[in-house]
Protein chains: 2
Amino acid sequence: MKFIHTSDWHLGRQFHNMSLLDDQKAVLADFIHYLKANPVDAVVIAGDIYDRSVPPTAAIELMTQTLDTLCQEMQIPVIVIPGNHDGAQRLGFAAQQMKSSGLHIISDFDAMMTPVVLHSESAGEVAFYGMPYNDPEQVRHYSQQPISSHDEAHQWLCQQILSNTDSQQKNVLLSHCFVDGAMESDSERPLSIGGSDRVSSDHFDAFDYVALGHLHQPQKKGAEHIRYSGSLMKYSFSEQHQKKGMTLVEMDEQGFKSATHIDFTAPHQMRIIEGELDTLLQVGKDDPHADDYLLVRLTDQHAILDPMDKLRAVYPNVLHLEKPGMLMGIEQQVGRAKLARGELDMFKDFFSEVQKTELTSEQNEAIQAVIEQLNKSKGQM
Amino acid sequence: MKFIHTSDWHLGRQFHNMSLLDDQKAVLADFIHYLKANPVDAVVIAGDIYDRSVPPTAAIELMTQTLDTLCQEMQIPVIVIPGNHDGAQRLGFAAQQMKSSGLHIISDFDAMMTPVVLHSESAGEVAFYGMPYNDPEQVRHYSQQPISSHDEAHQWLCQQILSNTDSQQKNVLLSHCFVDGAMESDSERPLSIGGSDRVSSDHFDAFDYVALGHLHQPQKKGAEHIRYSGSLMKYSFSEQHQKKGMTLVEMDEQGFKSATHIDFTAPHQMRIIEGELDTLLQVGKDDPHADDYLLVRLTDQHAILDPMDKLRAVYPNVLHLEKPGMLMGIEQQVGRAKLARGELDMFKDFFSEVQKTELTSEQNEAIQAVIEQLNKSKGQM
């Protein structure tokens, strides 16, 4: 039996005021294309389908189209749990009416206890249990147990499921949580503050496979069969070197057999480029991926007029600009008086860019007087 | 064949900051109770399931529970169109995956052209066409025709459907619109300004039955078989004398046979009560429905301290208070100087309520001087 494990689609996400929906649409089209060439028995999505509990309608339409293709056209069962970004009740609307079409949205603890059982020649019956995203308080309320941490919550939920399993079946679990020791990115919303969101991988050991969601980097945790598939695409610049895609899981009579990363690449990558403005502009002219989503770090030590406009003429999707070079210039100087000279230097750079000539000594004195006066009045405030 | 025609549930509606969800829940429980005693072949809901495009999660959960009972437990097909209050794309999420369970949410024009066909011994095949709520611009865009009014839009959409019907089948249409000459209430959100939202009932004549939604009063329009079921419950004080419930429709070999109003009454009614405060308080003590949602019109001609508190001690759900009696007192006086005397009178009422004594002549002069000064300063502003 083969199935695709994926998570963290975050449909409808905005990044620096840029909608990523067209990129998400392109990756999902590649995914469908892959599935048509490489049939699987199921698709499991371990949470964070949407980026927020009330997603934009365009994200809902994309999800509807994707499900129509998977469930109706291709007849592939799809099993979904909500993540911390999704609204469980909204996502779970009329979920009972979807099951007979092979769409299983498991959005509450009661539904968690009834697995989706799929049959296959190679692995026999495989029971898929979905554990909807939960925080300790929800589990405390549901269990009536004194549960105070994510770890205790997941321990209790795993025990409930494991005490319910059928020894004739292989068991797969979908869960959306932060397994201890896993690697974070900048684009995951913290589940709670100060490390109390960490869950031990031990609770998951007894399952044949655990399809995790929440962390955006593909990785195994504690054992080969406990895995994050990672997110659909890059959602922060800190993910620039991460592989993105989905995990192809194979099961046989023994249970877990293998997990393979399938690479999917969004049309626009998220990258950080660094250098002096003139060099970057020169290099960008021959860069076939100049329209990637970029964070640009300018190393120039002098002030530059409208650097964003200049960069965007070559790199249309510069989303963020940093100027560590200029800060270094400032950091090397110490104290208020020296900072005032820094401002004069910046004005000189500005003046020469705009006027294509240097300040006369008279102009120099005048502007210095203005800056000093400004600094004096700042001191009085 | 028998089916229930209902519309305008407005789940999640707030009325004067009061959630009506518990009342809606109670009426839907009565509805389920009725269906268990009086089986039908289908339930059709002609729009405005929710009160807004992003309904509160509690409203979504109530709808989910209701659909679970209807579609799963009772195996009754349910056919739904969005109204002007619903978000069509949100309501239509994964609608394809619901059809095999008998839940048909028809949220776009393409889906409109494929009827839900139900079989019955008494009426043969009945085709249910759902026309999702639409405005002229949407229909102009979809049809590529120069459509500029609701009337033209519905004419064109009806023509599309009618040119597609099977002569062996009876045809039922669900539509959410304002049929010309129908009676309005205060709780319907206008579709457009100045009468351009009106649709002629002529376009609907050729259908065997037309299940209309939008207007909150049960009524037929132009013919016996073109009907509004009215809303689930009262949603404005202007509806105090309206019957509320659903319409039981019967079809036979000839097509439409009969339509019967089934009365459902919410636990709290919306009523207007009118009279002097003391009388109302006296009457309220013996009123078994003192907890109805009330608009109170006080006819007292003098100012009263904290009338809302006094009323709510007897009628806990007074939602709105009008004092036409006091306004009459003011309206009888003319001009600014006389209005100033009106303010003095009101102060005298207030003083005697609080102090249980009349103003002395000194106090009278003092307060009169203050009011005059206030009016003078208002004039300068």
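The residue that is modelled with the lowest pLDDT, counting only those in region B:22-59 that are under 18 Å from the mean Cα position of the chain (by Cα) and among the hydroxyl-bearing types (Ser, Thr, Tyr), is B:Ser53.
Checked against (1) over 27 Å from the mean Cα position of the chain (by Cα); (2) farther than 17 Å from A:Ser175 by Cβ, A:Gly87 passes all but condition (1).
Find the residue count for region B:191-241, including only residues that are open to solvent by 20 Å² or more (accessible area, probe 1.4 Å) and part of a loop (DSSP other than H, G, I, E, B). Of the residues in that region, 20 qualify.
Please work out which residue is modelled with the lowest pLDDT, limiting yourself to region A:334-346 and to residues that are open to solvent by less than 60 Å² (accessible area, probe 1.4 Å) and in contact with a helix residue (DSSP H, G or I) (Cβ under 8 Å, 6 or more places away or on another chain). Looking at the filtered set, the residue picked out is A:Ala340. At least 1 residues being within 14 Å of chain A (Cβ to nearest Cβ) and among the basic types (Lys, Arg) is the threshold, and among the helices (runs of 4 or more DSSP H) wholly inside region B:86-184 those reaching it are B:88-91.
Taking the criterion of being open to solvent by 50 Å² or more (accessible area, probe 1.4 Å) and more than 30 Å from B:Ile304 (Cβ to Cβ), the residues of region B:257-282 that qualify are B:Lys257, B:Thr260, B:His261, B:Asp263, B:Thr265. Scanning region A:117-141 for residues that are closer than 22 Å to A:Asp48 by Cα and either open to solvent by 10 Å² or more (accessible area, probe 1.4 Å) or outside the structural domain of A:Asp252 (by TED's automatic domain parsing) (or both) turns up A:Tyr133, A:Asp135, A:Pro136, A:Glu137, A:Gln138. Quick check on my filter: what residues within region B:186-220 are polar (S, T, N, Q) and within 20 Å of B:Glu250 (Cβ to Cβ)? The one that is polar (S, T, N, Q) and within 20 Å of B:Glu250 (Cβ to Cβ): B:Gln219. The set of residues from region B:352-377 being assigned to a loop (DSSP other than H, G, I, E, B) and either in the same structural domain as B:Leu305 (by TED's automatic domain parsing) or among the acidic types (Asp, Glu) (or both) comprises just one member, B:Glu358. Within region A:47-58, being of a type in the set (A, V, I, L, M) and surrounded by fewer than 23 Cβ atoms within 10 Å (Cβ to Cβ) holds for A:Val54, A:Ala58. In region B:65-77, which residue that is at the interface with another protein chain (Cβ under 7 Å from one of its Cβ atoms) and over 25 Å from A:Asp86 (Cα atoms) is most open to solvent (accessible area, probe 1.4 Å)? Checked region B:65-77; the qualifying residue most open to solvent (accessible area, probe 1.4 Å) is B:Gln72. Residues of region B:7-50 that are β-branched (Val, Ile, Thr) and closer than 22 Å to B:Tyr133 by Cβ: B:Val43, B:Val44, B:Ile45, B:Ile49. The numbered conditions (1) outside any loop (DSSP other than H, G, I, E, B); (2) facing chain A (nearest Cβ under 10 Å); (3) touching a helix residue (DSSP H, G or I) at 6+ places or on another chain (Cβ under 8 Å) are all true for B:Ile32 except (2).
Of the residues making up region B:314-323, those that are touching a helix residue (DSSP H, G or I) at 6+ places or on another chain (Cβ under 8 Å) and either within 21 Å of B:Tyr235 (Cα to Cα) or exposed (fewer than 14 other Cβ atoms within 10 Å of the Cβ) (or both) number 4. Out of the residues in region A:18-29 that are open to solvent by 20 Å² or more (accessible area, probe 1.4 Å) and touching a residue at least 60 places away in the same chain (Cβ under 8 Å), state the one that is nearest to the other protein chains (Cβ to nearest Cβ). In this case the residue turns out to be A:Asp22. Only one of the numbered conditions (1) more than 25 Å from the chain's Cα centre (by Cα); (2) more than 8 Å from chain A (Cβ to nearest Cβ) is violated by B:Leu62, and that is (1). Checking A:Val80, A:Val44 one by one, the residue that is crowded, with 23+ Cβ neighbours inside 10 Å and within 14 Å of chain B (Cβ to nearest Cβ) is A:Val80 and no other.
Is it true that B:Gln254 is within 14 Å of the chain's Cα centre (by Cα) and either in the same structural domain as B:Tyr129 (by TED's automatic domain parsing) or of a type in the set (Phe, Trp, Tyr) (or both)? Explain how you work it out, then say what you get.
Values: within 14 Å of the chain's Cα centre (by Cα): no; either in the same structural domain as B:Tyr129 (by TED's automatic domain parsing) or of a type in the set (Phe, Trp, Tyr) (or both): yes.
No; evaluated as a whole, the condition is false for this residue.
The values are calculated or read from the model by the stated rules, or taken from the named source; none is laboratory data. All figures in this text were calculated on a predicted structure; none of them were measured in a lab. Positions of Cβ are generated from backbone atoms using ideal geometry, with glycine treated the same way; all protein chains shown enter the neighbour counts. Surface accessibility is based on the protein's heavy atoms, side chains included, excluding ligands, DNA and RNA. Shrake-Rupley method; radii C 1.70, N 1.55, O 1.52, S 1.80 Å.
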